[in-house]
Amino acid sequence: MGTHYILEACDANAELLNNKTFIMDSLRESIKRSNATLMDEISVEFTPQGITAVCLLSESHLSIHTWPEKNYAAIDIFTCGEHCNPLEACNYLIKAFESKNPKIKVIARGYEESTHASKLHRLFKKWLPILR
């Protein structure tokens, strides 16, 4: 039914990962760049540090959970349809959070391996060198 990108932003900038305004601005920009449609958002700041945010998209959702003390953010982007480019959102967020060691996993949700997943795999292999 869609494509699920799991981005692990490792070795990221701790200060940026604890800045709620920066995180929300970055999520909005990544959504715009991926051609998705933002419907609503919610975010929570934790004490002494860390932020969780969820952006509801007409295509599904984008979420982030940060651990500034570990220089790490877990980001999920799930989109349905053909018009979005979640990899563009991942690429933007890697740069925004200054992740020096990003990891991306792509899961085709609800599709048979022989169709959409194969297409995604080829696209991902093409874009992977650009992300590094």
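The numbers here are math on the coordinates, done by the rules we state, and not lab data. Everything numeric here is computed off the predicted structure, so don't read it as measured data. Every residue, glycine as well, gets a Cβ built from its backbone with ideal geometry; the counts of neighbours run over all protein chains shown.
Numbers at a glance
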quantity: Positive-end residue, the stretch 39-99 charge dipole about Cα centroid, Cβ charges, pick of Ile64, Phe78, Pro48; calculated: Pro48
quantity: Sparse-neighbour loop sites [chymotrypsin sites (Phe, Trp or Tyr not before Pro); the stretch 1-73; at most 16 other C-beta within 10 Å; DSSP]; calculated: Phe46
